[in-house]
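Below you'll find the structure, written out as structure tokens, and then a few comments.
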Amino acid sequence: MLNLTRGRLRLLRWLGRERRKPALSACARTLLGPNASARFDEFSRYRDGWDFGRGRRLTPGSATTLERFLVAHPFEIVRPSLFLTHEGFLELAWESDGARRIELEFQPDRVAYYVAADGSEQEGTIRAECVGELRAILDAEPALHP
Amino acid sequence: MRRPECADGEEVVRAVTTAHWDPAEGRVSSSLFKGERISLSRLEILPLPLLLEIFDRELARPPERSVLGAGEIRVSRLKQIGAAFEHPVALSVEVDPTPSNPAHAEIPQRISKGLSRRIVDALVIHPAP
């Protein structure tokens with residue numbers, strides 16, 4: 001009985017998360033700029049099955065992680081592009097210091113980062129609650145690959 | 001059962017939609033090739049204008065999303081990029097015709113973000129008319 005109740009509670013929590021609509025605050029939208037903000041609105045309308053039936057709709061938790069990143073730790077993000085991955089996660093891409101290419105994929109519980117500059121690159125993930133630590137990672141020189 | 005592989009000399013294309021291409025900033029996302037069972041189409045079977053029509057029919061849903069074009073690459077170049085990557089991957093393209101797209105093919109291997117970036121950078125982009 002107790003297990004059944006716990007199971008139901010988990011199901012209700014999961015349904016609540018799934019039904020939540022992805023949203024960004026006005027502050028986050030300002031930091032993104034009009035182009036990326038408009039693309040966010042467009043991706044919010046996608047349904048499961050885009051891209052030959054394989055694409056998943058935008059996960060609300062992805063928008064939450066992006067919001068956390070933008071508001072808690074605003075970089076100077078110059079003219080970023082916002083994309084939607086097949087898994088339903090938002091991806092932010094921009095160039096800094098002229099040639100450095102930065103791409104961040106926002107998952108509900110983590111951020112996958114990719115930094116490339118002049119033949120060197122760095123790739124990894126960081127927990128969503130540690131998103132403030134991204135600055136040190138992104139500011140460091142990417143490791144050189146042979 | 002293993003499917004036949006496309007020849008090294010074949011040209012294949014990947015549909016590019018608004019989800020992966022930001023025309024305002026001129027960027028293509030590295031997630032275009034990230035993951036596994038990535039869909040491609042063979043130019044040897046159908047010409048590009050016909051493939052763009054198929055992409056538009058199958059991918060331009062909901063109406064807000066549209067097919068912006070196709071990224072072309074030769075199979076041998078794809079394999080070369082996989083082999084030269086710091087964590088080498090033996091990429092292949094398998095023939096996988098579907099009722100709506102007889103030119104359909106797939107890359108069965110898992111592709112990382114870094115490798116996908118290399119592939120995306122090697123694409124020749126054909127914007128849709």
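Every read-out reported here was derived from the displayed coordinates using simple, explicitly stated rules and does not represent laboratory data. Keep in mind it's a predicted model, so treat the numbers as computed, not measured. So basically every Cβ, Gly included, is an ideal-geometry build from the backbone, and we count neighbours across all protein chains shown.
Per-residue shielding of A:84-91, expressed as the average number of other chain Cβ atoms within 10 Å of the residue Cβ, stands at 4.
The equivalent ellipsoid that matches the C-alpha gyration tensor of the stretch B:70-129 spans semi-axes of 21, 16, 9 angstrom, in descending order. Phi-derived couplings, Karplus 6.51 cos²θ - 1.76 cosθ + 1.60 at θ = phi - 60°, listed residue by residue for the stretch B:27-32: 10, 10, 6, 6, 6, 4 Hz, with x used for Gly and Pro.
In the stretch A:17-109, a dipole from Cβ-located charges (positive for Lys and Arg, negative for Asp and Glu) runs towards its positive end, and of A:Phe69, A:Phe106, A:Trp50 it is A:Trp50 whose Cα lies farthest in that direction.
Within the P(r) computed for chain B, what percentage of the Cα pairs occupies the region above 18 Å? Please list the in-between numbers first.
Working: 4160 of 8256 pairs.
Of all Cα-Cα distances in chain B, 50 percent exceed 18 Å.
Helical runs (DSSP H, four residues minimum) scored at -39500 (n - 2.57) apiece and divided by the length of the protein assembly as shown put the mean residue ellipticity at 222 nm at -9500 deg cm²/dmol.
Determine the shielding of peptide A:40-47 by partner chains: average, over its residues, the number of Cβ atoms on other chains within 10 angstrom of each Cβ. Don't skip to the answer; put the middle values down first.
Values: counts 0, 1, 6, 4, 1, 4, 7, 2.
Shielding by partners across A:40-47 averages 3.
Counting neighbouring Cβ atoms within 10 Å and putting the fewest first, the residues A:Lys21, B:Lys113, B:Lys34, B:Lys79 line up as A:Lys21, B:Lys79, B:Lys113, B:Lys34. Distances between every pair of Cα atoms in the protein assembly as shown, grouped in 5 Å steps from 0 to the bin holding the largest one, split as 1, 5, 12, 16, 17, 16, 13, 9, 6, 3, 1, 0, 0 percent. Around the amide H of B:Thr17, modelled in the peptide plane, lie the amide H atoms of B:Leu68, all under 5 Å away and 5 or more residues distant in sequence or on another chain.
Karplus-derived 3J(HN,Hα) values for the stretch A:120-133, using 6.51 cos²θ - 1.76 cosθ + 1.60 with θ = phi - 60°, are 10, 8, 9, 9, x, 9, 9, 5, 4, 6, 9, 4, x, 6 Hz; glycine and proline are entered as x.
Karplus-derived 3J(HN,Hα) values for the stretch B:119-129, using 6.51 cos²θ - 1.76 cosθ + 1.60 with θ = phi - 60°, are 5, 4, 5, 8, 6, 9, 8, 10, x, 5, x Hz; glycine and proline are entered as x.
What number comes out for the charge environment of B:Pro4, summing +1 per Lys or Arg and -1 per Asp or Glu over other residues with Cβ under 10 Å away?
Details: positive: B:Arg2, B:Arg3; negative: B:Glu5, B:Glu94, B:Asp96.
Neighbour charge sum, excluding B:Pro4 itself: -1.
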